[in-house]
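The structure under discussion appears below in the form of structure tokens.
The values are calculated or read from the model by the stated rules, or taken from the named source; none is laboratory data. Just so it is clear, the structure is predicted and the values come from calculations on it, not from any experiment. Positions of Cβ are generated from backbone atoms using ideal geometry, with glycine treated the same way; all protein chains shown enter the neighbour counts.
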Amino acid sequence: MRVRAATPRDVERIAAIKVRNWADTYSPLLDAETLRPFLDESAQRQSVMEKAALPGTLLLVAEDEHRGVVGFAMTYLTGPEPWMESLQVLHEYRGHGAGTQLMRATAAGLLSRGHQAMQLGVIVGNTAAARFYERLGAELVKVEPVTWAAGVSHMVYRWPDVVVLTG
């Protein structure tokens, strides 16, 4: 498994991973209407292309030598603190280090750009993700409504110093 910067050639695979993971992870947690835009692969491909092109977006992929891209991490470096918008790893590759490697590479990218802290949100009910981030040293700082759907909240996790992720 290796982690590298994403290229435009990766966008289709990234969108496919995002759609598959949203269907698997969030269908028990979100109503169908809220989930629908996240299951539209064409719309997600367009969204990934637009977000990746923004200045201040760090987009990394985890690549398996046999399967190709199996996960990605997208982080926005603008704002008061960097915000990890998405960390997605195909279900069959979870527990094999891809997520941890993406987190480490993201932290290294943040540090090299002069950022010390990072935040992200985990949809309430996604306990596997919450445990993963807690094992990596994240602190739960608040629970708040998301901006993209009524009635949905997320737990905001923060690393005051992402150097703990580079271990």
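A few remarks follow.
- Test: residue in segment 118-137 that is out of contact with any helix residue (DSSP H, G or I) (no Cβ under 6 Å at 6 or more places or on another chain), outside any helix (DSSP H, G or I), on the phi < 0 side of the Ramachandran plot and basic (Lys, Arg): no
- Contacts under 7 angstrom Cβ, first residue in segment 92-117 being closer than 19 Å to Leu59 by Cβ and modelled with pLDDT of 95 or more, partner buried (at least 18 other Cβ atoms within 10 Å of the Cβ) and among the aromatic types (Phe, Trp, Tyr), 6 or more apart: Gly99/Phe132
- Residues within segment 1-43 that are β-branched (Val, Ile, Thr) and surrounded by 18 or more Cβ atoms within 10 Å (Cβ to Cβ), tallied: 5
- Answer residue from segment 147-163, given it is surrounded by fewer than 16 Cβ atoms within 10 Å (Cβ to Cβ) and at pLDDT below 95 and is farthest from Leu29 (Cα to Cα) among those: Thr147
- Looking only at segment 76-106, and only at residues there that are among the small types (Gly, Ala, Ser) and within 13 Å of the chain's Cα centre (by Cα), the one that is farthest from Arg2 (Cα to Cα): Ser86
- Among the residues of segment 106-143, those identified as farther than 22 Å from Arg20 by Cβ and of a type in the set (A, V, I, L, M) are Ala107, Ala108, Leu110, Leu111, Ala117, Met118, Leu136, Ala138, Leu140, Val141, Val143.
- Of all residues in segment 19-75, those being among the β-branched types (Val, Ile, Thr), touching a residue at least 40 places away in the same chain (Cβ under 8 Å) and in contact with a Leu (Cβ under 6 Å, 6 or more places away or on another chain) number 2.
- From the list Glu81, Glu139, Glu134, the lone residue that is out of contact with any Asp or Glu (no Cβ under 7 Å at 6 or more places or on another chain), under 26 Å from Leu54 (Cα atoms) and of a type in the set (Asp, Glu) is Glu81.
- Residues of segment 63-76 include none that is small (Gly, Ala, Ser), surrounded by 13 or more Cβ atoms within 10 Å (Cβ to Cβ) and assigned to a helix (DSSP H, G or I).
- Between Val3, Val11, the distinction of being part of a strand (DSSP E or B) and either of a type in the set (S, T, N, Q) or touching a residue at least 40 places away in the same chain (Cβ under 8 Å) (or both) belongs to Val3 only.
- Every pair of residues 6+ apart whose Cβ atoms lie under 6 Å, when the first sits in segment 154-167 and is among the polar types (S, T, N, Q) while the second is assigned to a helix (DSSP H, G or I): Thr166/Arg104; Thr166/Ala107; Thr166/Ala108
- Qualifying residues in segment 44-62 (those that are among the aliphatic types (A, V, I, L, M) and outside any helix (DSSP H, G or I)) - the one surrounded by the most Cβ atoms within 10 Å (Cβ to Cβ): Ala62
- Selected residue (criterion: nearest to the chain's Cα centre (by Cα)) from residues of segment 138-167 that are of a type in the set (Phe, Trp, Tyr) and in a strand (DSSP E or B): Tyr157
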